[in-house]
Each structure stands twice: as C-alpha cells, then as structure tokens.
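**Q** Can you keep this structure in mind? I'll have questions shortly.
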Amino acid sequence: MASGGAAAGAAAAGACYAAAQAAAKAAKRAIRVAGVVDDYQLVYAPPNKLTICEAFCLLWQDDATGDLSGRRSDPTVQGPALAAMLTDLILMGKLKVQSEDGKDWLGYTKENARIITGDVETPLPAAAAFLADFLKIFTDYNAQKPPRTLEKWVQELVMGWSHNAVAYIDFVLNSLLEKGIVRKESVWNGKRFPTDDPTAEAAVREKLKTVLLSGTEPDMFTTVLIQLSVTADQQCVFTNPFMRSVLSKEEYAQVQPRLKELKENLDMPLNIEAE
C-alpha cells in the first residue's frame, strides 16, 4: 500500500513538473514577443476581451455538460490553468521574468526564470481585474523573500499546503460568469459551468484553427494557448480534451506536423538577457 501511495505521489509530482515546464516556455515566449506589443488588448480574443487563462478554461469546459474535468484534483490540468494565469500577469507587465543560469539535479547548466514584481502601480485592465488577488500572492511573497523560479511557483500553487488551486481557478470561472459567458450550476459532486454565450469560445477556437489548419503565423495569445493546451493533452494521454475541443478527429490527425513544428519553435533557445 505504501509503495502504491509513493507511486501516485511521484506521478503527481511528474505532472506538476511538466506543467511547470509548459509555464516556463509560455513565459519565455511572452518575453520574446512583449517588446513589440504595446497594448495588452492585442492579446485578448475578440469579441469578449478574454485573457489567456479564460480562453484555456473555455477549451477545458465540456460543451455538453459544462464540466471541467479534474478542476478539483488533477494537476495535469490545474498546472497549465495556473500557468495561464501567471502568463497573463507577465504579459501585462505586472510580473516579470528574471533569467539566470542555474544547475539541474544532474549538475548540467539550465536557465532559471525567477518571477519578480513588475508594474503594480498601474491598475489591471478592467477585463483582467479578477487577477488582482492572484497577483497579490506573488507581490506579497517577493516583498518578504527572494523570488522563486517560475517552475517552483507552479509546483507550489498546485501542491503546496498553503495554496488552493481550485480557489485560484475559480477566480477565472467567476470572471466568465460575470462576463455572461457561462453560468454556474450545482450538481451532486460539485459545480459545472454550462455556456450561456458561445461567441467567446467560438472566437478562441477560430483563432486556433486558423493557425493549425491554415498555417497562419500565431500571435502571442495563440502561441501561449496552444503550448499550454498541447502540454495538458500530452499528460491526459488518451483523451486530448483541449485540442479535440477545437478540431475534429480528422483535423486533429491532419495538424500533427503543424503541432510538431510549433513545439519545435517553442523549444528553440531564446537568448533572453537577464534584467
């Protein structure tokens, strides 16, 4: 029994690590592009001014039931959702990534991305104001202790005793409620969030399909969303809930070379200078 518990714990830790890696790549990608994006509104998905984390949750949602499978206990989807929230704050300049050389557990050089406080004087955009309490977690920590790496933060948010991943993800869902995109229903085993206004998710799906099927160059919003969604799908193994919510079975098979190309681009060294 003990060995089974240890195996389950190791699997959960591995899932968190994979989610943290996805977050790091998304954040680094944001840094690379942020220099040419002067207005954060550009990364919203029209017509509903969605943040990346809201778009991620809409792809996560089951169209038929409104369920977000794993919202309460599965790090393979919690991790990328929290990574999306972090990335939104980085794109807005509220948090910044400080790059430095470090060592992995084998002693090889690796790039550490530490999360430092950015511009917290300027108010959050109205459509992203729901992230204020989430931002406070990082600014309060940085005011008292040395900054953590991005990977460590995602692991801590998902698995740390002092954090509640479900509550943080509910920040996003409550924003979708306030925007009239979903409604909340109580069921015997928790909550579900059926769609009230389908235009928001339709816009997100159209952005992704244009990039994946037509070969259009992805913008920052789409780059980050595809990275997080594909990584979550890789952890889910048999279901591919995110990309299959966008593409039919035939389309999903068709875009595999394109997904591979995008992944290779994301894996390329970025040569980001430390601040």
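The values are calculated or read from the model by the stated rules, or taken from the named source; none is laboratory data. Quantities reported herein were computed from a predicted structural model and do not represent experimental measurements. All Cβ positions, even for glycine, are placed from backbone atoms using ideal geometry, and neighbour counts span all protein chains on display.
**Q** Can you report the number of residues in the range 118-177 which are closer than 17 Å to residue 98 by Cα, touching a residue at least 12 places away in the same chain (Cβ under 8 Å) and of a type in the set (Phe, Trp, Tyr)?
**A** 2
**Q** Still on this structure, please answer the following. Would you please name the residue that is modelled with the highest pLDDT, looking only at residues in the range 178-190 that are surrounded by fewer than 16 Cβ atoms within 10 Å (Cβ to Cβ) and on the phi < 0 side of the Ramachandran plot?
**A** 178
**Q** May I pose another question? Answer yes or no as to whether residue 193 is touching a Gly at 6+ places or on another chain (Cβ under 7 Å), in contact (Cβ under 8 Å) with a residue 40 or more places away in the chain and of a type outside the set (Asp, Glu).
**A** yes
**Q** Of all residues being surrounded by fewer than 16 Cβ atoms within 10 Å (Cβ to Cβ) and part of a helix (DSSP H, G or I) in the range 115-136, which is farthest from the chain's Cα centre (by Cα)? Just the residue, please.
**A** 126
**Q** Output yes when any residue across the range 191-214 is surrounded by fewer than 19 Cβ atoms within 10 Å (Cβ to Cβ), of a type outside the set (D, E, K, R) and at pLDDT below 85, and no when none is.
**A** Taking every residue of the range 191-214 in turn, none turns out to be surrounded by fewer than 19 Cβ atoms within 10 Å (Cβ to Cβ), of a type outside the set (D, E, K, R) and at pLDDT below 85.
**Q** For the range 137-146, indicate whether the set of residues that are modelled with pLDDT under 90, part of a helix (DSSP H, G or I) and more than 26 Å from residue 232 (Cβ to Cβ) is non-empty.
**A** Scanning the range 137-146, I find no residue that is modelled with pLDDT under 90, part of a helix (DSSP H, G or I) and more than 26 Å from residue 232 (Cβ to Cβ), so the answer is no.
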